[in-house]
Amino acid sequence: MSIVEYFLLSDAQAAAKRVPEDARVDIARTLGVAKRRAEAAERLWSNGHTAEGLRLAVAAFALTLEALPRFAGSTGGALVDGAGVAAYRKVLGERGLSERRIAGILEAEKLIAERELPVLDEEVEAADGELFGKIVQARGRLDAALSPAASTPKQLAWTRNWRIGLTVLAVVGAVVGVWLMNRRPEGVHAVASDYTNVFDGPLLLDGDVDTEWQLPDRTLGYVDITIEPPVRMNTLTLRNGHNRWYNDRAVRAYRIEVYSDGDLATTIDGEFERLEPDPEPVTHDVGVDSVSRLRFNVRSWHRIGAALAEISWE
């Protein structure tokens, strides 16, 4: 079945419209019983009852074949010379089965006729396993070719709409999922490469000079700040940390990367010359439009490690 036919079912609808109601009911019943037998056969086979599973698979295949002449007769399908499935080669071709798949159904029919089926599980051989696989595949393909005749045009229309709707829903869900994964949340958010205890990156944005982002002792690191929606940034102001309980850590050298619309727009290098118990703010000129991200990189520190109290901009 082509992808177009899978969704539109135009050929299936055309075939279904040619099948009289009594024939449709008979075909549907035959295919339904055959399908249930096939499912039972696979359960028996998978549970180790291989001989009985093979015999039931053969019965399911034979019952599916019984629907073929009724289908061909009700739709006016032309027969060709031959016996069994071979006589319906043209009918099956019109139902979309390739020559290779029709040959597979013919092979399964031939193997069943030639092989004596085992009665006990211990009599099952490797060739029986191959036969079971061929029967299951051939019956499934034959069922798929004939099943439109077991459905009314209305049922096929419902199936078509369900398939299209489900596919549209899946595509929309995938698009929304990708959008959610790639979008930045609105607001200003800070994520630190590392921090000590509870002194995390968001403390740089809380407007409180007594809270600090602190790195572990003698460790380099950075804080990434995202801004959504982007802003015009004229100046950037920093207030160094000092660890108010011990006055033993602060940033020394640093580099700030300023990104506009996802691209690096400018870098700012700076240095706090000394650790101060009451640090004064330091302001840098920026002058960049559409700033969506900042990255503050620690390049060195005072005493035992780095700390930074605040980052703000105008």
With the condition kept exactly as written, say whether any residue in the stretch 47-60 is modelled with pLDDT of 90 or more, hydrophobic (A, V, I, L, M, F, W, C) and under 21 Å from Arg24 (Cβ atoms). yes
If we scan the stretch 243-256, do we find a residue that is over 13 Å from Ile311 (Cα atoms), touching a Lys or Arg at 6+ places or on another chain (Cβ under 7 Å) and touching a residue at least 60 places away in the same chain (Cβ under 8 Å)? yes
Taking the stretch 262-308 as the region of interest, how many residues are more than 16 Å from Asn247 (Cβ to Cβ) and of a type in the set (Asp, Glu)? 5
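Only residues that are of a type outside the set (S, T, N, Q) and not in a helix (DSSP H, G or I): list them for the stretch 35-63, please. So that I can check it myself, show each step before the final result.
Within the stretch 35-63, the subset of a type outside the set (S, T, N, Q) is 35-45, 48-49, 51-63.
Passing the criteria: Gly48, His49.
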Which ones in the stretch 69-105 are at pLDDT below 80 and of a type in the set (Phe, Trp, Tyr)? Phe71
Please specify each residue of the stretch 197-236 satisfying the condition of being in a loop (DSSP other than H, G, I, E, B), among the acidic types (Asp, Glu) and out of contact with any strand residue (DSSP E or B) (no Cβ under 6 Å at 6 or more places or on another chain). Asp206, Asp208, Asp210
Among residues of the stretch 215-241 being of a type outside the set (Lys, Arg) and more than 17 Å from Phe296 (Cβ to Cβ), the residue surrounded by the fewest Cβ atoms within 10 Å (Cβ to Cβ) is Pro229
In this structure, does Arg184 turn out to be modelled with pLDDT under 90, farther than 15 Å from Arg295 by Cα, assigned to a helix (DSSP H, G or I) and of a type in the set (D, E, K, R)? no
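Examine the stretch 266-274 for a residue that is surrounded by 17 or more Cβ atoms within 10 Å (Cβ to Cβ), assigned by TED's automatic domain parsing to the domain that holds Val209, touching a residue at least 12 places away in the same chain (Cβ under 8 Å) and more than 37 Å from the chain's Cα centre (by Cα), and state whether such a residue exists. So that I can check it myself, show each step before the final result.
Initially, the stretch 266-274 is screened for residues surrounded by 17 or more Cβ atoms within 10 Å (Cβ to Cβ), giving 272.
If we keep only those that are assigned by TED's automatic domain parsing to the domain that holds Val209 too, we end up with 272.
Going one step further and asking which of them are touching a residue at least 12 places away in the same chain (Cβ under 8 Å), we end up with 272.
Filter once more, so that each one left must be more than 37 Å from the chain's Cα centre (by Cα): 272.
Yes: the stretch 266-274 contains one or more residues that are surrounded by 17 or more Cβ atoms within 10 Å (Cβ to Cβ), assigned by TED's automatic domain parsing to the domain that holds Val209, touching a residue at least 12 places away in the same chain (Cβ under 8 Å) and more than 37 Å from the chain's Cα centre (by Cα).
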Matching residues in the stretch 82-116 - criterion: being among the aliphatic types (A, V, I, L, M), surrounded by 14 or more Cβ atoms within 10 Å (Cβ to Cβ) and either assigned to a loop (DSSP other than H, G, I, E, B) or at positive phi (or both): Leu97
Out of (1) in a helix (DSSP H, G or I); (2) modelled with pLDDT under 90; (3) touching a Lys or Arg at 6+ places or on another chain (Cβ under 7 Å), what's the single condition that is false for Glu66? (3)
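The values are calculated or read from the model by the stated rules, or taken from the named source; none is laboratory data. Every value quoted in this text rests on a predicted model; they were computed, and no experiment measured them. Because the Cβ atoms are built from the backbone with ideal geometry, glycine has one as well, and the counts that use them run over all protein chains shown.
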